[in-house]
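Heads up, the thing below is written out as structure tokens.
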There are 2 protein chains.
Amino acid sequence: MSHSCDAVYKHRLGTKRLKLVGTDGNPLGNTEVVIKQKKHEFLFGCGEFNSIAYANNELDENGRLKAEDKYKKLFDLFNFVTLPFYWGDFENIKGRPHTQRLKKTAQWLISRGCAVKGHCLCWHSYSAPWLLDMSNSQILSAQLQRIRRESRDFAGLIDIWDLINEVVIMPIYDRYDNGITRICKDVGRIRLVREVFAAAKEANPDAVFLINDFFNTTTDSYDVLIEACLEAGIPIGAIGIQSHMHKGYWGVEKTLKILERFSTFNLPVHFTESTVLSGHHMPQETDDFNDYVPEKWLSTPEGEEQQARETILHYKTLFAHPAVESITWWEFADGQWLGAPSGLLTCENRVKPAYEELHKLIKGKWWTGPEAAISDETGLIEFSGFRGEYELNCHGKKYSFILDKKGGETEIVV
Amino acid sequence: MSHSCDAVYKHRLGTKRLKLVGTDGNPLGNTEVVIKQKKHEFLFGCGEFNSIAYANNELDENGRLKAEDKYKKLFDLFNFVTLPFYWGDFENIKGRPHTQRLKKTAQWLISRGCAVKGHCLCWHSYSAPWLLDMSNSQILSAQLQRIRRESRDFAGLIDIWDLINEVVIMPIYDRYDNGITRICKDVGRIRLVREVFAAAKEANPDAVFLINDFFNTTTDSYDVLIEACLEAGIPIGAIGIQSHMHKGYWGVEKTLKILERFSTFNLPVHFTESTVLSGHHMPQETDDFNDYVPEKWLSTPEGEEQQARETILHYKTLFAHPAVESITWWEFADGQWLGAPSGLLTCENRVKPAYEELHKLIKGKWWTGPEAAISDETGLIEFSGFRGEYELNCHGKKYSFILDKKGGETEIVV
């Protein structure tokens, strides 16, 4: 039994020999089974910062019901959620980090089948205000200590981190004074990246730590930075690429060019922050996105159709590229950053066409099963499908297996 | 005797005690002298590629006379000239470099009081076409060999080099296939920079080797690249900043921002390629300057007035910044790159207002002497002026001394 898919997605498939055996150890030949995918290996995710309030029972009845409706839709589509660890929020009072609140949220998301990513442990924006009272060496020390603490405290719950964010502009960021720009200016970008990665890997050696950045106008700066970090031997786990397309969808050509460039480093690429709007675009001349504050920023019917088309193109382009291991839609529902119509859902949880079209891909075209199969005389089933977690039904019972790039044979004792 | 100048230029001054003594070793008290500057320590220069034909007697009589008129004006203003070493021209036939032609040119320029800079030993544009027949390791080897050869062959004549040019875009340059983009893509920017600097320093340890680049849209990429190179221990001698302002003068604010950023590396900064036009500007949307090919690009009276005002502002801004050690006006006369009105002279050697205004600064406001002075009873003269080479006249005879940042005392035996 072999799964067929577009040739461009072949690298997403796995193949495995499933061997059915009885409890007596004898192969179960000519046995009917039904196999279906339960989860993607690929990380299809979104940011969902409001899940903290929900998971910690901080919502009123109405809020709780509305959230439950939203999360039903989220878990039906995604297997990955990004939680916020902005230092200024996470530890707004020095020494009182919101560790328990975030742990409870991560545990809840994991219980619902999602992997969790923490975003982000070092960034100049939303950094802790109390850093400003410290010397640069004290700030650096506190920053590294903070990274070690969160990496260790959340190990096993959160093993994927946007470790350091927007290093390209970090030392020249001048909208307001902050502790992280100070130390980055002081020790330099590459030394800071080296220090934060060393601290993080020390605290959680098995986690995947990302460097994450956006493209101001060209991709050169980030490209040079990554080259420099790798040349300096820094153990970057994956390259995070922001793709907030508030000024309009990049298009396939630009996206492919970026993929071509950033895949030369032979590291996994995560699209960490993807946004395609369902309303009007931000003016091209806007430099800092935060400067654009329209009175109203509505999701429109035409905008939603366009968002759906562009979102699908974006996901297809990325899923077709072997280097990409994850796509995070930045905001699951409208009404977040900048008040932009950036969600797959409206503020009222109405599903937009982009959600529906994405669902057709993630849980349809790129999803395997349920499929019936019969083992041969030796009990073997050759199985192929999109990589991920699977369930095999045999004689009314359920068995699990993993389909990954390793392939090989798995024995299932029925 | 102390020289007065605007406070913003104080770092350009030197102070020295000159001690007049007779041949018998006794101090010459109460002796009148006249002191005048002969040359700037600061490198005020220009590109003048046509000097090769002149110095090698390749011009006809008319061409020679016109060139002599031009060079009289050049030497009256500048003390520094950039000569071209584009590989594709310098060694268009493999194994037959134009070493002697360039040596003769450099010797002539030096004899006329100019230091000479070579531009540039590694660049993807104008690289040798025969590299395309070689493997990447052969190209890299030829590139390093070429750097060693020129650095050694010209040592003593050319001890300042734009060693490597436009590394930021080097591996992604896609206008045409070339050997240097190939190896940069292959080994990476930082490794290539490291290799070329190692080869150059090996061949001429005392020379100043620059990395040189332009700003596409932001300064980040070059900033990150330099940081990475320094972090990798690469012995960059000075940072070269191109400032081709064909789209319009940057203005003081932008220039100061760039100076602030690039002076953090504690390396000398050279403005290696400065252009301010005396005609209409290139359209803002032009990406690659080479794409803009107007039928006519005239120097206009209003354009020349504007060029003069902006050029003066540019030089004043740079001369006022302690990190800047050199400004090279890219094209001394019109009719060169892109056919732009980029010169301080027209094609017919007519001096533009920018030349005259620059002259008032370089040989006027920023120039010391002739000044009369009298030694005290112990033969001492406290002298202060813009740093550079000086001539002291005493009793009808001329004596030389250097005024630099070291200060101290110089004995002059009259």
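The values are calculated or read from the model by the stated rules, or taken from the named source; none is laboratory data. Just so it is clear, the structure is predicted and the values come from calculations on it, not from any experiment. Ideal geometry is used to build each Cβ from the backbone, glycine not excepted, and the neighbour counts take in all protein chains shown.
For the stretch A:314-327, does any single residue satisfy the condition of being in contact with a strand residue (DSSP E or B) (Cβ under 7 Å, 6 or more places away or on another chain), acidic (D, E) and part of a loop (DSSP other than H, G, I, E, B)?
Of all residues in the stretch A:314-327, those in contact with a strand residue (DSSP E or B) (Cβ under 7 Å, 6 or more places away or on another chain) come to A:314-315, A:318, A:323-327.
Filter again for acidic (D, E), leaving A:325.
Those left that are additionally part of a loop (DSSP other than H, G, I, E, B): none.
Within the stretch A:314-327, not a single residue is in contact with a strand residue (DSSP E or B) (Cβ under 7 Å, 6 or more places away or on another chain), acidic (D, E) and part of a loop (DSSP other than H, G, I, E, B).
Please tell me if B:T368 is β-branched (V, I, T), in contact (Cβ under 8 Å) with a residue 24 or more places away in the chain and over 22 Å from B:D24 (Cα atoms).
For B:T368, the condition - β-branched (V, I, T), in contact (Cβ under 8 Å) with a residue 24 or more places away in the chain and over 22 Å from B:D24 (Cα atoms) - is met.
Just wondering, is there one or more residues in the stretch A:59-79 that are in contact (Cβ under 8 Å) with a residue 24 or more places away in the chain, basic (K, R) and within 20 Å of A:D153 (Cα to Cα)? Before you say what the answer is, go through the steps one by one.
Going residue by residue through the stretch A:59-79, those that are in contact (Cβ under 8 Å) with a residue 24 or more places away in the chain are A:66, A:69-71, A:73-79.
Subset that is basic (K, R): A:66, A:70, A:73.
When the remaining residues are screened for being within 20 Å of A:D153 (Cα to Cα), the result is none.
Looking through the stretch A:59-79, none of the residues is in contact (Cβ under 8 Å) with a residue 24 or more places away in the chain, basic (K, R) and within 20 Å of A:D153 (Cα to Cα).
Right, B:A228: assigned by TED's automatic domain parsing to the domain that holds B:Y315, touching a Ser or Thr at 6+ places or on another chain (Cβ under 7 Å) and at pLDDT 95 or above or not?
Judged against the criteria, B:A228 is not a match.
Looking only at the stretch A:358-372, how many residues end up being outside any loop (DSSP other than H, G, I, E, B) and surrounded by fewer than 19 Cβ atoms within 10 Å (Cβ to Cβ)? Show your work before the answer.
Here is the first cut: in the stretch A:358-372, the ones outside any loop (DSSP other than H, G, I, E, B) are A:358-365, A:371-372.
Now restrict to residues that are surrounded by fewer than 19 Cβ atoms within 10 Å (Cβ to Cβ): A:359-361, A:363-365, A:371-372.
Count: 8.
Which of (1) touching a Leu at 6+ places or on another chain (Cβ under 9 Å); (2) surrounded by fewer than 16 Cβ atoms within 10 Å (Cβ to Cβ); (3) without any contact (Cβ under 8 Å) to a residue 60 or more places away in the chain does B:R350 not meet, given it meets every other one?
Unmet for B:R350, out of (1) touching a Leu at 6+ places or on another chain (Cβ under 9 Å); (2) surrounded by fewer than 16 Cβ atoms within 10 Å (Cβ to Cβ); (3) without any contact (Cβ under 8 Å) to a residue 60 or more places away in the chain: (1).
Looking only at the stretch A:305-319, decide whether some residue is farther than 20 Å from A:F44 by Cβ and over 20 Å from the mean Cα position of the chain (by Cα). Lay out the reasoning, then the answer.
Within the stretch A:305-319, the subset farther than 20 Å from A:F44 by Cβ is A:305-306.
Still in the list and also over 20 Å from the mean Cα position of the chain (by Cα): A:305-306.
Yes: the stretch A:305-319 contains one or more residues that are farther than 20 Å from A:F44 by Cβ and over 20 Å from the mean Cα position of the chain (by Cα).
Taking B:G279 as the residue in question, decide whether it is outside any helix (DSSP H, G or I) and either within 14 Å of chain A (Cβ to nearest Cβ) or at positive phi (or both). Don't jump to the end; show me each part of the working.
Values: outside any helix (DSSP H, G or I): yes; either within 14 Å of chain A (Cβ to nearest Cβ) or at positive phi (or both): no.
Considered against the rule, which asks whether it is outside any helix (DSSP H, G or I) and either within 14 Å of chain A (Cβ to nearest Cβ) or at positive phi (or both), B:G279 comes out as no.
Can you spot a residue in the stretch A:299-307 that is farther than 22 Å from A:H119 by Cβ, outside the structural domain of A:E32 (by TED's automatic domain parsing), outside any helix (DSSP H, G or I) and in contact with a Cys (Cβ under 9 Å, 6 or more places away or on another chain)? Walk me through how you get there before you give the answer.
Initial filter on the stretch A:299-307 (farther than 22 Å from A:H119 by Cβ): A:299-307.
Checking which are outside the structural domain of A:E32 (by TED's automatic domain parsing) leaves us with A:299-307.
Right, trim to outside any helix (DSSP H, G or I) and you get A:299-300.
Now narrow it down to the ones that are in contact with a Cys (Cβ under 9 Å, 6 or more places away or on another chain): A:299.
Yes, that holds for at least one residue.
Find all pairs meeting these conditions: Cβ atoms under 7 angstrom apart; at least six residues apart or on different chains; first residue within the stretch A:127-139 and part of a helix (DSSP H, G or I); second residue surrounded by fewer than 13 Cβ atoms within 10 Å (Cβ to Cβ).
A:L132/A:D177
Condition test on B:L344, is it under 30 Å from B:I169 (Cβ atoms), touching a residue at least 24 places away in the same chain (Cβ under 8 Å) and in contact with a Lys or Arg (Cβ under 8 Å, 6 or more places away or on another chain)? So that I can check it myself, show each step before the final result.
Values: under 30 Å from B:I169 (Cβ atoms): yes; touching a residue at least 24 places away in the same chain (Cβ under 8 Å): yes; in contact with a Lys or Arg (Cβ under 8 Å, 6 or more places away or on another chain): yes.
Against the criterion (under 30 Å from B:I169 (Cβ atoms), touching a residue at least 24 places away in the same chain (Cβ under 8 Å) and in contact with a Lys or Arg (Cβ under 8 Å, 6 or more places away or on another chain)), B:L344 qualifies.
Per-residue answers, yes or no, for (1) out of contact with any strand residue (DSSP E or B) (no Cβ under 6 Å at 6 or more places or on another chain); (2) of a type outside the set (D, E, K, R); (3) without any contact (Cβ under 8 Å) to a residue 24 or more places away in the chain; (4) under 19 Å from A:M170 (Cβ atoms):
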{"position": "A:S221", "(1), (2), (3), (4)": "yes, yes, no, yes"}
{"position": "A:A232", "(1), (2), (3), (4)": "yes, yes, no, yes"}
{"position": "A:I236", "(1), (2), (3), (4)": "no, yes, no, yes"}
{"position": "A:I239", "(1), (2), (3), (4)": "no, yes, no, yes"}
{"position": "A:M245", "(1), (2), (3), (4)": "no, yes, no, no"}
{"position": "A:Y249", "(1), (2), (3), (4)": "no, yes, no, no"}
{"position": "A:I258", "(1), (2), (3), (4)": "yes, yes, no, no"}
{"position": "A:F265", "(1), (2), (3), (4)": "yes, yes, no, no"}
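Could you check the stretch A:112-126 and list, in sequence order, the residues that are over 26 Å from A:E325 (Cα atoms) and either of a type outside the set (S, T, Y) or not in a loop (DSSP other than H, G, I, E, B) (or both)?
A:H124
Are there any pairs with C-beta distances below 7 angstrom linking a residue in the stretch B:172-199 that is under 18 Å from A:A228 (Cβ atoms) to a residue that is of a type in the set (G, A, S) and assigned to a loop (DSSP other than H, G, I, E, B), with the two at least 6 apart or on different chains, and if so which?
From residues that are under 18 Å from A:A228 (Cβ atoms), the pairs are B:I190/B:A232; B:R194/B:A232.
Which helices (runs of 4 or more DSSP H) does the stretch A:157-271 wholly contain that include 2 or more residues that are within 11 Å of another protein chain (Cβ to nearest Cβ), touching a Cys at 6+ places or on another chain (Cβ under 6 Å) and surrounded by 19 or more Cβ atoms within 10 Å (Cβ to Cβ)?
Numbers: elements: A:179-187, A:189-203, A:220-231, A:252-262.
The helices (runs of 4 or more DSSP H) meeting that bar are A:189-203.
Yes or no: the stretch B:134-142 includes at least one residue that is hydroxyl-bearing (S, T, Y), within 14 Å of chain A (Cβ to nearest Cβ) and either more than 21 Å from the chain's Cα centre (by Cα) or farther than 27 Å from B:E227 by Cα (or both). Talk me through it step by step, then tell me what you get.
As a first pass, look at the stretch B:134-142 and keep what is hydroxyl-bearing (S, T, Y): B:135, B:137, B:141.
So of that shortlist, the ones also within 14 Å of chain A (Cβ to nearest Cβ) come out as none.
No, every residue in the stretch B:134-142 fails to be hydroxyl-bearing (S, T, Y), within 14 Å of chain A (Cβ to nearest Cβ) and either more than 21 Å from the chain's Cα centre (by Cα) or farther than 27 Å from B:E227 by Cα (or both).
Just a yes or no: is a residue in the stretch B:346-369 modelled with pLDDT of 95 or more, in contact with a Pro (Cβ under 8 Å, 6 or more places away or on another chain) and more than 16 Å from B:G14 (Cα to Cα)?
no
Can you go through B:G95, B:G113 and tell me which one is out of contact with any Cys (no Cβ under 8 Å at 6 or more places or on another chain), free of Cβ contacts under 8 Å to residues at least 24 places away in the same chain and small (G, A, S)?
Values: B:G113 fails: free of Cβ contacts under 8 Å to residues at least 24 places away in the same chain.
Step by step, each of B:G95, B:G113 is checked, and only B:G95 is out of contact with any Cys (no Cβ under 8 Å at 6 or more places or on another chain), free of Cβ contacts under 8 Å to residues at least 24 places away in the same chain and small (G, A, S).
Among the listed residues B:R101, B:R149, B:R112, B:R96, which satisfies the condition of being closer than 27 Å to B:I234 by Cβ and surrounded by fewer than 18 Cβ atoms within 10 Å (Cβ to Cβ)?
Values: B:R101 fails: closer than 27 Å to B:I234 by Cβ; B:R112 fails: closer than 27 Å to B:I234 by Cβ; B:R96 fails: closer than 27 Å to B:I234 by Cβ.
Every option except B:R149 fails the conditions.
Looking only at the stretch B:397-409, decide whether some residue is assigned to a strand (DSSP E or B) and under 18 Å from B:F319 (Cβ atoms). Explain how you work it out, then say what you get.
Narrowing the stretch B:397-409 to residues assigned to a strand (DSSP E or B): B:397-403, B:409.
After this cut, where a residue has to be under 18 Å from B:F319 (Cβ atoms) as well, the list is B:403.
Yes, some residue in the stretch B:397-409 is assigned to a strand (DSSP E or B) and under 18 Å from B:F319 (Cβ atoms).
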